[in-house]
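Each value in this text was obtained by applying a stated rule to the coordinates, not by laboratory testing. Because the structure is predicted, anything quoted here is derived from the model rather than measured. So basically every Cβ, Gly included, is an ideal-geometry build from the backbone, and we count neighbours across all protein chains shown.
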Amino acid sequence: MTQFSSGMMMSRFAFAAAVLIGSAQIALAQDSVTFAGFGGQYQSSVRKALFDPAGKKLGVRVREESHSGLASVRVQVQSGKPGWDIVQLGEADCARGQSEGLFEPLDYSKIDTAGIAPLARGTAYIGSNYVSTVLAWQKDKYKDKPPRNWKDFWDPKAFPGRRAMHIYPQESMEIALLADGVDKDKLYPLDADRALASLAKLKPSIDVFWQSGAQASQLLKDGEVDMIVIWGSRVASVLADGAPVDFTYDQALLGFGCFGIPKGAANAAAAQRMIAQMVTPEIQANIPDLLPYYGPINERAFSVKQFSAEALAKANSSPQNKDRQAPLQPAWWADNIARVQERYQALIAK
Amino acid sequence: MTSVIAAVPPASSDASYFARAERREAWSFALLAVPGLVVIGLLLIVPVGWLFVLSFIGKDGGVSLENYARLAQPVYVITFVTTFQIAGIVTLGSILLGYPVAYLLSQLSPRAAAICMIFVILPFWTSVLVRTYAWLVLLQRRGLINSWLVSLGIINEPIPLVNNFIGTTIGMLHVLLPFMILPLYSSMKTIDTDYLKAASSCGASPMRAFWDVFFPLSRPGLFAGTVLVFILSLGFYLTPALLGGGRVSMWSMQIATNVSTYSNWGAASALGVLLLVVTIAILAALNKVFRVDKLYGGR
């Protein structure tokens with residue numbers, strides 16, 4: 001009797017142990033990654049369009065945090081135990097992070113790069129979606145004779161009005177060169193002297209140098225400026241509010257958001273799988289509908305699914321829009337930012 | 001019983017007894033100060049010291065002066081001048097606006113003064129970000145102030161009140177004014193009104209009595225407020241960043257740019273160290289001239 005009951009106890013114990021171990025294994029199988037982005041609407045849309053479907057497919061749980069730029073990624077990596085597994089940054093910061101060795105190299109044996117332009121990927125980063133920097137204006141100010149390109153933006157006589165650009169040299173110097181007549185496919189390597197000279201000409205007519213996308217939207221929406229250099233996605237929110245503004249993709253700068261894995265990330269393996277999944281045409285095809293005025297980094301996304309004419313007109317990397325824009329080359333900035341930053345800042349601070 | 005006897009000093013003035021009592025007192029005060037000193041040491045001295053060390057470490061990780069050599073470039077010279085200009089203007093503005101307010105408060109009945117004081121302190125309870133955005137709404141081209149002025153026919157075209165030097169100064173003045181009013185008020189409250197009456201009875205006009213008697217007595221508060229406002233202005237970031245429209249370059253903004261542009265922390269650290277050293281030098285110079293340390297109970 002005692003033997004029997006102790007045997008039963010044993011088997012019960014073994015069963016409980018088996019259940020415990022089994023559930024532990026299930027918990028282990030459920031990988032998770034922590035994604036840090038710019039926060040706000042952009043991040044939540046990126047999550048909906050890319051992270052959620054990729055996570056669902058791979059069985060990876062996604063946690064979210066937000067960062068405050070490349071410097072915060074540096075701090076995380078230098079701590080030795082970064083709390084983030086995937087960060088999303090702008091193209092120039094990704095290229096710079098790669099050259100500083102802040103990212104794990106990407107496992108290109110798992111990433112199908114067909115349809116992804118070589119410019120949009122590095123050894124340790126890959127584009128997540130295209131981002132355009134466009135010229136936008138107040139319709140009631142310019143009526144049927146709006147500015148059409150950067151040359152018009154640079155001409156305060158023909159196009160009077162208050163102007164705003166952003167405060168960073170990246171993109172501003174490219175725009176200055178385009179305005180000065182440089183061909184959009186012959187921008188790089190940037191002629192820094194020519195760009196700064198061109199900027200110096202327009203500087204007295206620039207009323208605001210904005211520092212954040214939200215500020216740019218607000219300047220346009222409140223009519224504080226008549227013409228603005230602004231991210232396409234930020235015009236979207238102004239248009240959605242019904243403000244009388246318009247913009248053009250002509251001569252716009254085509255940059256991109258990108259993913260990197262901070263060096264030493266705890267879930268680097270899962271992050272590699274997630275990134276490989278998120279750049280596939282099937283998942284990239286969510287972008288035109290969920291991230292209007294951005295665009296898929298993988299051009300094959302346009303062939304896996306039928307899009308409405310409206311979605312194609314908005315998407316910045318759709319066949320009809322992509323070639324009107326000047327592609328940004330982040331590698332130049334990774335090598336030269338420190339060299340031109342102070343000269344550019346001096347020009348603005350004067 | 002013995003303890004009572006010990007607490008009462010011996011009738012004959014025993015020098016060593018008092019010396020011991022004083023030492024004991026000094027020790028107990030020192031012990032009481034330990035938690036505060038530890039906090040200051042950990043949160044202030046150690047990080048600032050670390051900043052100082054980092055500023056001498058170059059790109060390649062060795063000891064170098066390259067971070068300081070960079071500071072001779074035009075952008076830093078321009079920014080340095082702008083920063084001190086703004087701090088000077090804001091300080092002057094807060095004296096001109098704050099002194100009359102503090103004077104009024106000091107002359108009111110305690111009840112009325114308490115009510116008015118709420119309006120002075122109220123801004124402290126609102127976030128700086130919210131207040132700064134409020135100024136943006138008021139001052140911009142299609143903002144309240146420009147709309148009113150145009151509709152009243154005072155101006156034809158909206159005047160640029162924000163995204164420039166003016167907007168930055170207005171925003172900073174608003175944030176910093178209480179730091180001028182509060183020390184001024186507390187020093188004015190201690191001025192005995194009998195002195196002013198005495199001046200009048202000697203034949204001084206109210207103006208003369210104010211300048212010869214009241215103003216000199218209010219100087220400790222004025223200096224305290226000036227130093228506070230000036231030093232706080234030097235480190236301002238948010239208000240100039242939002243109201244300056246990128247055209248007002250403050251030192252703190254250059255620090256932020258350096259943090260993101262350079263991978264070595266030394267670059268931004270050097271900027272921080274320079275500002276700290278110059279600020280300390282200015283404080284020391286002010287102290288020489290005005291004996292500011294007296295205000296804080298120095299001998």
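What's the center-to-center distance, using Cα atoms, between segment A:235-310 and segment B:225-264 in Å?
34 Å
List the trypsin sites (Lys or Arg not before Pro) within segment B:129-167 that DSSP assigns to loop and that have no more than 12 neighbouring Cβ atoms inside 10 Å.
In loop regions of segment B:129-167 (DSSP not H, G, I, E or B), the sparsely surrounded trypsin sites (Lys or Arg not before Pro) are B:142.
Might you report the magnitude of the Cβ-based charge dipole of chain A about its Cα centre, with Lys and Arg at +1 and Asp and Glu at -1, to the nearest 20 debye? Mind showing how you got there, number by number?
On the way: 38 positive and 36 negative charges, 64 e Å.
Here the size comes out at about 300 debye.
Work through the residues other than residue B:17 whose Cβ is under 12 Å from its Cβ and net out their charges, Lys, Arg +1 and Asp, Glu -1.
Numbers: positive: B:20, B:23, B:24; negative: B:14, B:22.
Taking every Cβ under 12 Å from that of residue B:17, the sum is +1.
Give the average, rounded to an integer, of partner chain Cβ atoms located within 10 angstrom of each Cβ in B:161-171.
Rounded to a whole number, the mean comes out at 1.
Based on Cβ point charges of +1 for Lys and Arg and -1 for Asp and Glu, what charge dipole magnitude is obtained for the protein assembly as shown about its Cα centre, in debye rounded to the nearest 20?
Dipole of the protein assembly as shown, to the nearest 20 debye: 820 debye.
Taking each full run of DSSP H in chain A as one helix, which ones are at least 27 Å long along their axis (Cα atoms) and have mean Kyte-Doolittle hydropathy of at least -0.5? Show your work: numbers first, answer last.
Working: long enough: A:2-29 (40 Å, 1.12).
In chain A, the long hydrophobic H runs are A:2-29.
Calculate, in nm to one decimal, what residue B:37 and residue B:116 gain on full extension: separation in residues at 0.36 nm each, minus their alpha carbon distance.
24.8 nm
Label residue A:149 and residue B:59 with points 7 Å out from Cα along Cα→Cβ: what is the distance between them in nm?
About 3.7 nm, to one decimal.
Given the pairs A:157/A:184; A:145/A:201; A:157/A:186; A:157/A:201, which span a C-alpha to C-alpha distance of over 21 angstrom in this model?
Details: A:157/A:184 24 Å; A:145/A:201 23 Å; A:157/A:186 28 Å; A:157/A:201 13 Å.
Violating the 21 Å Cα-Cα cut-off are A:157/A:184; A:145/A:201; A:157/A:186.
Across peptide A:174-185, how many C-beta atoms of other chains are within 10 Å of each residue C-beta, on average? Show your work: numbers first, answer last.
Numbers: counts 0, 0, 0, 0, 0, 0, 0, 0, 0, 0, 0, 0.
Per residue, the number of nearby Cβ atoms from other chains is 0 on average.
How much net charge surrounds residue B:163 when only the other residues with a Cβ under 12 Å from the Cβ of residue B:163 are counted, with Lys and Arg +1 and Asp and Glu -1?
Local net charge: +1.
So how do A:239, A:89, B:96 line up by other beta-carbon neighbours within 10 Å, fewest first?
B:96, A:239, A:89
Stretch residue A:350-residue A:79 to full length: gain in nm at 0.36 nm per residue minus the Cα-Cα span?
Here the answer is 93.8 nm.
Can you tell me the FRET efficiency between residue B:29 and residue B:276 if r is taken as the Cβ-Cβ distance and R0 is 30 Å, rounded to the nearest 0.05?
Efficiency for this residue pair is about 0.55.
Report, for the protein assembly as shown, the % of DSSP beta bridges that are antiparallel, rounded to 5.
60 percent
What number, in percent, do you get for the relative contact order of chain B if the mean sequence gap of Cα pairs under 8 Å and at least 6 apart is divided by its residue count?
Reported as a whole number, the value is 26 percent.
Output needed: percent of Cα pairs per 5 Å distance bin for segment B:38-127, bins running from 0 to the one holding the longest distance.
3, 10, 9, 10, 11, 12, 12, 11, 8, 6, 4, 2, 1, 0
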